[in-house]
Each structure stands twice: as structure tokens, then as C-alpha cells.
Amino acid sequence: MSNSVEVLFPSNRRESITDIVKRVSASKASQKFLSDDMVAFIAAFSRAIFRDKSFRTHPELISLASWCRSKRIEGLIQEYSKVDRTLYLREKGVAFHIAPSNVDTIFVYSLFISLLAGNKNIIKVSSRNSEVIIQIIKVFFEVVAREPHFNFIKDYITVIQYENQNEITDIISFTADLRVIWGGDESILNIRKSPLRPTASEVAFPNRFSFSILDSSSYLELIEDDKSQLVDKFVADASTFGQQACSSPRLLFWLGSAIETKSACEDFSSRIQSISLTDDFFDMTERLVSITNFVARNECEVTGLRASFCNLKAPLNKEMIQSLRECHTGNNWLLHVSASSVTDLNEYLTHKDQTASYFGLSREDISNFLDSIEGRAIDRVVPIGSALNFDHVWDGHDLLMSFSRQVRVQR
Amino acid sequence: MVDLDLYKFEAPYSLNFEEKTVLMLKNLNAANGFHNDNSEEFSNIVKSLFPSYCFSAFDLADLPFLPVRAFKNLHLASVPSNDISKILTSSGTSGQKPSRIVLDSFTAQLQSKVLTSLTSYWIGKARRPMVIFDFANTRASRNQFNARAAGIAGFSTFGRKPIYALDSNLELTVNELLEYYNGYQNILGFGFTFLIWSKIISELRRKNIRLPFKENSVLIHGGGWKKIEAEKVEKEEFDSDVRAMLGFDRVINYYGMVEQVGSVYFECEKGFFHAPDFSELLIRDPLTHDVLPFGQPGLIQLLSVLPRSYPGNSILTEDIGILHGRDNCGCGRKGSFFQVLGRQTQAEPRGCSDVVL
């Protein structure tokens with residue numbers, strides 16, 4: 001069977017993609033937008049993760065479980081029940097999700113939002129068989145085994161793996177009403193070679209770049225404990241997923257006078273350089289390769305080349321920031337630059353820029369910052385420490401709305 | 001700039017470590033000064049990553065080094081483009097950009113002079129009938145050479161009447177080979193380890209053919225252990241298959257890379273690669289880059305006095321090796337002797353750019 005794929009859920013065997021696609025599209029979809037059954041299943045998934053202590057070694061699973069705990073989902077429901085009553089939200093039908101290989105948990109966020117929209121889902125996960133993916137699948141099986149009334153979910157979730165076969169992507173794409181592509185400009189272009197049905201739609205998440213903005217005088221005023229707390233939050237944002245998530249900060253803008261920015265940046269750098277991380281948090285060879293690439297075009301002051309974080313400092317210029325976007329491939333290194341005000345950043349930003357995580361900015365500063373941006377840049381502004389927190393509004397899309405149909409009723 | 005007067009080309013393993021270090025430091029400090037003046041990229045890298053280096057290191061460990069992949073990502077040249085006479089490229093594993101090494105005639109001649117000095121030390125000066133275990137069309141255009149073509153061109157100076165073992169359809173030229181073997185004595189064979197193993201030997205085995213044993217014949221092979229290693233082929237197994245199937249009396253392996261052509265590392269009778277007077281190596285910890293003592297596995301850093309047209313005198317490879325000692329190998333030759341264990345395990349391909357499809 002050349003068209004066979006590895007099914008991870010709801011079965012655990014090889015199956016022909018044609019059969020899968022037939023089965024998924026033929027199954028009766030009885031779940032509506034934000035159905036109670038779906039909400040209950042998602043809450044059960046969250047509970048199952050919290051229950052098993054062995055998952056505590058996977059912080060990304062804990063973040064996932066807290067994002068989908070029942071209280072949070074109820075909040076989400078609240079938000080959407082306020083939607084104008086002339087608008088009825090309904091499922092799209094079959095959703096095809098293509099998960100990235102850098103962030104193992106992302107497919108679950110994408111899947112759960114799609115479940116809440118009432119869609120049936122086929123999810124292609126990375127063939128790399130990561131521990132986290134294996135654990136997630138195990139939890140799906142456990143939840144269904146523990147509470148058999150969740151059996152209906154098997155019609156809604158099909159998780160598969162396959163390698164580089166455009167024919168398979170063709171078959172699924174032409175069945176799907178919605179295609180969701182997580183990550184990778186090249187992959188997106190490649191997947192787009194497989195046509196969708198005329199009525200289908202697509203949401204794609206291309207390569208993005210993220211940075212932090214810190215107000216230097218606010219930083220310098222912090223007491224010792226608050227400084228180290230901020231540093232810990234930043235380290236969590238930057239080092240999780242090997243600094244390779246779209247929202248991982250790679251560049252820091254220090255705002256303030258020359259004296260303030262210099263001393264704030266130096267203090268911060270020396271703190272993150274001395275933090276201890278376990279070895280496999282980054283790959284030293286990859287770090288050296290990407291830093292060499294970058295400094296070949298941009299002379300920098302480099303400290304902590306082999307430390308937990310490596311810090312590069314250089315005077316701000318536009319070409320350098322662009323070159324950073326091209327050279328940076330993760331592995332815990334940062335470029336620090338200074339600017340006098342948040343409204344000076346506009347000229348350095350591009351459509352690639354996604355998350356600005358901040359410290360010491362007032363509501364007014366943020367508003368001025370967003371107003372100063374010309375063109376498409378920045379889809380998220382969050383406090384440092386929340387850069388990786390998944391939000392159902394992502395890359396400028398309200399995912400729950402994008403994954404469903406809005407039926408307009410006029411009287 | 002490269003001071004070669006003190007090297008003995010007819011005896012390329014004669015300097016002890018102290019003597020070699022003095023020459024190496026003198027040449028590499030000078031070479032780095034030249035690259036610094038002529039390659040903006042190199043100069044930026046040294047200023048940023050090796051700020052305390054003042055072109056006067058007193059210790060080999062203090063010389064700056066470039067990660068080998070810099071030659072894939074950057075255009076690194078220390079001569080104006082008019083002076084470039086040859087471009088070497090690595091074979092490039094799938095999906096990766098190949099390395100591009102630019103040579104001017106000075107560097108190319110130096111490489112060839114040193115390779116000749118080393119090879120004639122091992123197999124003698126005489127030109128021998130030569131069997132090239134590769135495709136006839138591997139030699140591409142006149143001034144663009146990939147690693148395989150560069151190797152063939154380099155060792156071909158020791159051969160005459162060359163015959164290729166594979167035709168352009170990648171078929172083994174069995175009849176021609178048998179005829180050649182019957183017609184000539186003292187044959188020199190050359191080829192890439194992986195190709196010899198995966199194509200030539202396996203093809204002969206499938207056809208149940210053994211080439212006749214030739215006395216005084218020698219096979220030189222190198223490169224491609226990275227691929228073969230996955231098949232867990234032992235050196236002894238490879239050597240005995242080469243003797244039995246290809247009929248070679250002597251088998252000599254060498255370690256080298258396209259980024260430092262010429263000053264290659266031949267394997268001695270005791271099974272160790274040897275640094276000749278023109279090159280040296282250090283083993284570094286993969287995480288801290290500290291220089292490791294003898295016997296500990298780490299990343300291989302290669303030093304060579306030859307590169308002038310490109311800043312490739314000191315390269316941190318992604319190969320893992322063990323340095324066993326200096327000047328005291330059981331084979332009696334001077335120089336550092338080492339083993340190559342294989343490729344550093346590649347980090348998982350990650351980043352937003354790889355939804356695997």
C-alpha cells in the first residue's frame with residue numbers, strides 16, 4: 001500500500017489514507033459549536049495530565065493542560081456567547097492540521113479549538129516520534145478507556161504520520177474543508193501545491209520572529225528579587241523549545257538613555273549568562289554556526305559564547321536586524337540593542353515580526369508603540385514570561401472564528 | 001607569507017611537536033593577519049568571537065577557528081575574485097548547501113605540492129597504472145571541482161593510463177577491469193570509501209566476481225566514513241574485502257576534507273591517522289570547546305599551513321575523534337596520531353521551517 005499512513009489514534013496501525021478519509025467524512029457529526037461533550041472531553045484531557053505526576057518533567061504538557069482546564073475553556077465560551085445573536089457559529093466540516101516538528105504540543109491546541117468549533121480532524125504529526133507526542137496520544141487513549149462515553153471522539157480525532165508523500169497530502173487536502181498549516185515558509189509553499197476543494201479555506205502559520213522590549217530605568221529600579229524573577233521569566237520564554245518557537249525572543253530592545261541602557265543591559269546579560277541550564281537545552285555546534293554566520297556580517301561585542309546564554313551587543317541598524325532574522329536558528333543567543341523610545345522601533349520591524357514581549361511599558365507606551373507601526377508587523381504584545389503562552393488569537397487570527405463558519409441570520 | 005623553507009618535502013613526518021608548533025604558529029599567525037586584511041567576514045568573526053587574539057598566539061589552542069559549516073553559509077575569500085582559479089565544492093549531503101572553497105593558483109599549487117610530498121612518501125614517486133573506482137564523468141568542468149573530482153585530480157598525478165571502474169550508467173566495467181588487471185603490474189587504486197564499499201564491492205559480490213590479486217598494488221581511499229559508519233563496517237572487514245574482492249596488496253586510508261585539501265592525514269600501519277608536518281589537530285570538548293587531553297573523544301579541530309586564498313587554516317569540524325599521542329606512535333613516525341569515531345550526532349532538525357512533509 002503506497003498510500004498507507006501510520007495511524008496513532010484512534011487505532012494504532014497502518015491504514016490506507018483513502019479508507020481513513022472515507023471513514024472520517026462519512027461519520028455523522030453530531031457535535032455543534034462549543035458542544036458540552038467536547039468541552040467535557042477537553043477538560044478530561046487536562047485532568048488526566050494533571051493527575052499523572054510523571055508529566056511534570058514536561059513543562060510544555062503542563063502549559064497545555066492549564067490552557068485547556070475547564071475554567072479556562074469556560075472563559076472562552078463566555079467570550080463567544082457574547083457574539084451577536086444574528087450570527088450562528090457552525091463547524092466547517094473536516095479539518096486537516098499539519099503540525100510542526102519544533103513545538104510538539106501545538107497540534108493539540110489547534111485540534112482542541114477545532115473540536116470546539118465542531119470539526120472532524122485529521123492531524124499529521126512529525127514522524128520524529130517525540131516523547132511528548134507519544135505521551136499525548138497515550139492520554140487520548142486513557143481518557144476514552146476511563147470514560148467510555150467519550151468514545152464519540154474517535155470520529156473527531158485521527159492522528160497520523162507519514163513522510164514526504166505529496167500524494168497523501170493531495171488526498172487529504174481535497175477532502176478537507178479547512179487546512180491548518182503550522183510553521184515553515186517552505187513547507188507552506190510545498191503543501192500549497194496540493195489543491196483544496198473550492199469551498200475549503202486555509203490558515204497558515206509561517207516563520208516568524210520575536211523580540212522583547214525592556215524599559216531600562218524600570219529595570220534598574222527593580223529590587224534584587226524582582227530582577228531575578230524577571231530574568232527567570234525571560235529565560236523560560238527564550239530557552240523553551242530551544243529558542244526555536246516563533247514567539248521565542250531573540251532580540252532585546254533596551255529603551256532609555258545611553259547610560260541607562262548600557263547598565264541595564266550589562267546587568268541583565270551577566271545574570272542570564274550565569275543561569276544554569278541542563279546541557280541539552282541547546283546545541284553548541286548549531287549555536288556557533290549561526291553566531292559565526294551573523295557576526296561575519298555584523299561585528300559585535302560577544303560575551304558568554306559557551307555559557308547558558310550568549311549575548312551579542314552592537315549599535316542598532318536596520319540591516320543588522322534583518323540579518324539576525326535570517327541567521328538565528330535558536331540555541332540560546334541574543335542580540336541586545338538600544339533605542340531611546342518605543343516609538344523609534346517602527347523602522348526596524350517587518351511583517352515577519354510576531355510577538356513583542358515587554359517589561360516596564362505602560363498601557364500608553366504599548367498603545368503608542370502599536371500606533372507607530374506602519375504596515376504589517378507585530379501580532380502579539382505580552383509581558384515577559386508569557387511569550388510562549390498559547391492564545392486562541394494567534395498570528396492575527398481568531399482561531400475559533402477561523403476554524404468555524406459564521407451563519408448570518410437576518411429577520 | 002607561508003614560510004615553507006623549513007619544511008622537508010621529502011620527509012613530511014620529521015618535525016617533533018615543539019618544532020612543528022613553532023612553525024605552525026608563525027605561519028598561522030601570519031596567515032590570519034593576511035585573511036584579516038583581505039576578508040571582511042573573517043575579520044568580523046575574529047573581532048567578535050576571538051577578541052583577545054592579536055595575531056601573535058603562543059599556543060595552538062589560542063588560534064581562532066571557524067566552524068566548518070561557515071564555508072557553506074558564507075562567501076569566504078582572501079583574494080580578489082580575479083585571482084580565483086578554481087572552486088572546490090563539497091559533495092553536499094541532501095538538502096544542504098555545499099561548501100565553496102576558492103583557490104588561487106598559489107594555494108592550488110601548494111596543495112598539490114604537499115599532496116605529492118605525502119603520497120610519494122607512502123607509495124613512492126613512480127607513476128603507476130591507475131584504477132579509479134568512480135564514474136568517468138565525475139571530473140566536471142575545468143575550474144569547478146567537487147570533493148570527489150578534486151580527490152581524483154589530486155591523486156591522478158601518481159597514475160598513468162587511468163581506467164574508471166564505473167561507466168556513465170553507473171555500471172561496473174568488469175571486462176575492461178579484468179583486461180586492465182591482466183595487462184598491468186604495480187597498480188594504484190583510488191576511490192571514495194563509501195563508493196568502494198556500497199557500490200564496487202557489493203556489485204562484485206552480487207555478480208560473484210573477484211578481481212585477480214596483484215602484488216605490489218596499493219589502494220588509497222578516503223572520505224565517506226560518515227555514510228559507511230551507519231552500516232557499522234569495521235576497518236578490518238573493509239580492508240580484507242578490498243584484498244579479496246579488488247585484489248589490492250596494500251590498503252591505505254586517509255582522512256581529509258575539501259576545506260583543507262592537500263595536507264591530508266594518512267593512516268599508518270598501526271591503524272592511526274597521522275598529522276604530517278604541514279598540519280596538526282586539536283580535540284575540543286563539544287560543549288565548552290576546551291582542548292581535551294589525549295585519549296578523550298571530542299570535536300576535531302584541523303590546522304593546516306596551506307590555505308591562503310581562503311581563511312581555512314583552522315577549522316572546527318563536526319567529526320568526533322580521539323588524539324592518542326604525539327611523536328610516539330608505534331609506527332615510528334613523528335606527529336600527532338588519532339582516530340576518527342564518526343560524525344557528531346546531528347541536532348534534531350528543528351525550527352519553524354520544517355514541518356516534515
- Matching residues in segment B:205-224 - criterion: being in contact with a strand residue (DSSP E or B) (Cβ under 7 Å, 6 or more places away or on another chain) and either over 24 Å from B:TYR265 (Cα atoms) or in a strand (DSSP E or B) (or both): B:LYS214, B:GLU215, B:ASN216, B:SER217, B:VAL218, B:LEU219, B:ILE220, B:HIS221, B:GLY222
- Message: I'd like the full set of residues that are hydrophobic (A, V, I, L, M, F, W, C) and either surrounded by fewer than 19 Cβ atoms within 10 Å (Cβ to Cβ) or facing another protein chain (nearest Cβ under 10 Å) (or both), limited to segment A:314-324.
- Response: A:ALA314, A:LEU316
- Message: Restricting to segment A:81-106, and then to whatever is of a type in the set (Val, Ile, Thr) and touching a residue at least 40 places away in the same chain (Cβ under 8 Å), can you tell me which residue is farthest from A:GLY242 (Cα to Cα)?
- Response: A:THR86
- Message: Looking only at segment A:135-164, filter to residues that are in a loop (DSSP other than H, G, I, E, B) and within 25 Å of the chain's Cα centre (by Cα); which one of those is farthest from the other protein chains (Cβ to nearest Cβ)?
- Response: A:TYR156
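What number of residues in segment A:179-202 are buried (at least 17 other Cβ atoms within 10 Å of the Cβ) and assigned to a helix (DSSP H, G or I)? Steps first, please.
Let us first name the residues in segment A:179-202 that are buried (at least 17 other Cβ atoms within 10 Å of the Cβ), namely A:179-184, A:187-188, A:191, A:194, A:196, A:200.
Among the residues that remain, those that are also assigned to a helix (DSSP H, G or I) are: A:187-188, A:191.
Qualifying residue count for the region: 3.
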- Near pairs, Cβ below 6 angstrom, 6+ apart or cross-chain, from segment B:105-123 (of a type in the set (Ser, Thr, Tyr)) to any residue that is in a helix (DSSP H, G or I): B:THR119/B:PHE158
- Query: Taking segment A:325-337 on its own, how many of its residues are surrounded by fewer than 22 Cβ atoms within 10 Å (Cβ to Cβ) and away from every other protein chain (no Cβ under 14 Å)?
  - Reply: 0
- Query: Just for segment B:244-280: of the residues that are closer than 21 Å to B:ASP3 by Cβ and either of a type in the set (S, T, N, Q) or modelled with pLDDT of 95 or more (or both), which one is farthest from the chain's Cα centre (by Cα)?
  - Reply: B:ASP277
- Just one of the numbered conditions (1) at pLDDT 90 or above; (2) surrounded by fewer than 19 Cβ atoms within 10 Å (Cβ to Cβ); (3) of a type outside the set (S, T, N, Q) is not true of A:ILE17; which one? (2)
- Item | Residue list for segment A:264-313, filter: surrounded by fewer than 21 Cβ atoms within 10 Å (Cβ to Cβ), assigned to a loop (DSSP other than H, G, I, E, B) and more than 9 Å from chain B (Cβ to nearest Cβ) | A:SER274, A:ILE275, A:SER276, A:LEU277, A:THR278, A:GLY304, A:ALA307, A:SER308
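Considering only segment A:369-388, how many residues are outside any strand (DSSP E or B), surrounded by 15 or more Cβ atoms within 10 Å (Cβ to Cβ) and in contact with a helix residue (DSSP H, G or I) (Cβ under 9 Å, 6 or more places away or on another chain)? Quick ask: steps written out before the conclusion?
Residues of segment A:369-388 outside any strand (DSSP E or B): A:369-379, A:384-388.
Cutting the leftovers down to surrounded by 15 or more Cβ atoms within 10 Å (Cβ to Cβ) gives us A:369, A:372-373, A:377-379, A:384-388.
In the following step, the residues that additionally are in contact with a helix residue (DSSP H, G or I) (Cβ under 9 Å, 6 or more places away or on another chain) were identified as A:369, A:372-373, A:377-378, A:384-388.
Number of matching residues: 10.
Residues in segment A:203-212: is at least one within 20 Å of A:VAL5 (Cβ to Cβ), surrounded by 20 or more Cβ atoms within 10 Å (Cβ to Cβ) and touching a Leu at 6+ places or on another chain (Cβ under 8 Å)? Walk me through how you get there before you give the answer.
Filtering segment A:203-212 down to residues within 20 Å of A:VAL5 (Cβ to Cβ) leaves none.
No: zero hits.
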- Is there any pair linking a residue in segment B:306-326 that is more than 11 Å from every other protein chain (Cβ to nearest Cβ) and without any contact (Cβ under 8 Å) to a residue 12 or more places away in the chain to one that is assigned to a strand (DSSP E or B) and of a type in the set (Ser, Thr, Tyr), with Cβ under 9 Å and at least six apart or on different chains, and which? none
- Item | B:LYS113 vs. criteria more than 14 Å from chain A (Cβ to nearest Cβ) and out of contact with any Pro (no Cβ under 7 Å at 6 or more places or on another chain) | yes
- Task: Please work out which residue is surrounded by the fewest Cβ atoms within 10 Å (Cβ to Cβ), limiting yourself to segment B:20-51 and to residues that are more than 26 Å from the chain's Cα centre (by Cα) and more than 9 Å from chain A (Cβ to nearest Cβ).
- Result: B:ASP37
- Query: Mind checking whether some residue in segment A:241-256 is more than 14 Å from every other protein chain (Cβ to nearest Cβ) and in a helix (DSSP H, G or I)?
  - Reply: no
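The values are calculated or read from the model by the stated rules, or taken from the named source; none is laboratory data. Computed from a predicted structure; not experimentally measured. Every residue, glycine among them, receives a Cβ derived from its backbone with ideal geometry; neighbour counts consider all protein chains shown.
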